[in-house]
Amino acid sequence: MTWKTHVVLGAMAGYYAYPSWKGILVGATMALVPDVDKARSKAGKAIWPLSWLVEKGIGHRTLTHSWVILLLPALLISDSSVALAALYGLLSHLLSDAFVGRIQLFWPVRQGWFGVPIPRFLYVIVDRTTLLAATAYILYWGYREGIEAVLGIPLS
């Protein structure tokens with residue numbers, strides 16, 4: 001998935017775990033973290049020398065796309081609501097990447113690959129459709145009351 005799709009899905013997941021602006025921000029941010037293993041990614045550029053070393057040494061969609069990364073919120077965040085939003089943001093990344101390709105979920109076990117490899121043209125379609133649907137969902141819930149007022153009917 002592209003970084004934009006990861007951010008939107010992470011924001012949704014973070015809000016689901018912790019319904020506040022903080023949940024949205026934490027979920028969206030943590031949804032970018034697994035891609036620190038790719039030097040050209042948004043997260044990878046932020047810590048470039050380290051991301052380049054991880055990409056060349058371990059590979060993309062291995063360590064940072066495995067069960068190991070899911071320990072990060074528990075180790076670094078003491079507030080349980082924020083940690084849950086972080087965990088959901090990470091999970092949104094792993095699940096969406098597994099939906100369009102393979103991740104080494106059970107790293108370091110070499111046979112631990114998980115996911116659905118799809119052709120590049122289909123990847124683009126799935127990514128853009130997911131981004132559009134997730135954005136529409138967020139806008140719907142954010143502006144539901146206004147839409148109901150304009151239409152004059154309850155939508156929920």
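Identify the single condition in (1) within 15 Å of the chain's Cα centre (by Cα); (2) over 22 Å from W141 (Cα atoms); (3) of a type outside the set (K, R) that V8 does not satisfy, given that it satisfies every other one.
It is condition (2) that V8 fails.
Restricting attention to region 51-108, report how many residues are in contact with an Asp or Glu (Cβ under 6 Å, 6 or more places away or on another chain) and among the hydrophobic types (A, V, I, L, M, F, W, C).
2
Have a look at G14, G89 and point out the one that is under 12 Å from the mean Cα position of the chain (by Cα), in contact (Cβ under 8 Å) with a residue 24 or more places away in the chain, surrounded by 21 or more Cβ atoms within 10 Å (Cβ to Cβ) and under 23 Å from W113 (Cβ atoms).
Of G14, G89, the one residue that is under 12 Å from the mean Cα position of the chain (by Cα), in contact (Cβ under 8 Å) with a residue 24 or more places away in the chain, surrounded by 21 or more Cβ atoms within 10 Å (Cβ to Cβ) and under 23 Å from W113 (Cβ atoms) is G89.
Could you please find all residues in region 1-29 being part of a loop (DSSP other than H, G, I, E, B) and either of a type outside the set (A, V, I, L, M, F, W, C) or more than 12 Å from S96 (Cβ to Cβ) (or both)?
Result: T2, Y18, P19, S20.
Every residue, every condition in (1) aliphatic (A, V, I, L, M); (2) in a loop (DSSP other than H, G, I, E, B); (3) surrounded by 13 or more Cβ atoms within 10 Å (Cβ to Cβ), yes or no:
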| residue | (1), (2), (3) |
| --- | --- |
| V68 | yes, no, yes |
| S78 | no, yes, no |
| A98 | yes, no, yes |
| W107 | no, yes, yes |
| I118 | yes, yes, yes |
| Y140 | no, no, no |
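Conditions (1) of a type in the set (S, T, Y); (2) modelled with pLDDT under 90, marked per residue:
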position: G89; (1), (2): no, no
position: S96; (1), (2): yes, no
position: I118; (1), (2): no, no
position: I125; (1), (2): no, no
position: L131; (1), (2): no, no
position: I138; (1), (2): no, yes
position: R144; (1), (2): no, yes
position: A149; (1), (2): no, yes
position: L155; (1), (2): no, yes
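Write out, first by first residue and then by second, each pair whose Cβ atoms fall under 9 Å of each other, whose residues are 6+ apart or on separate chains, and whose first residue, in region 109-131, is within 19 Å of H6 (Cα to Cα) while the second is charged (D, E, K, R) and at pLDDT below 90.
Between residues of region 109-131 that are within 19 Å of H6 (Cα to Cα) and residues that are charged (D, E, K, R) and at pLDDT below 90, the close pairs are G115/R61.
Would a scan of region 44-65 turn up a residue that is in a loop (DSSP other than H, G, I, E, B) and free of Cβ contacts under 8 Å to residues at least 12 places away in the same chain?
Yes, because at least one residue in region 44-65 is in a loop (DSSP other than H, G, I, E, B) and free of Cβ contacts under 8 Å to residues at least 12 places away in the same chain.
The values are calculated or read from the model by the stated rules, or taken from the named source; none is laboratory data. Note that this is a predicted model, so its numbers are computed, not measured. Methodologically, a virtual Cβ is constructed for each residue, glycine included, from the backbone with ideal geometry; neighbour enumeration extends over all protein chains shown.
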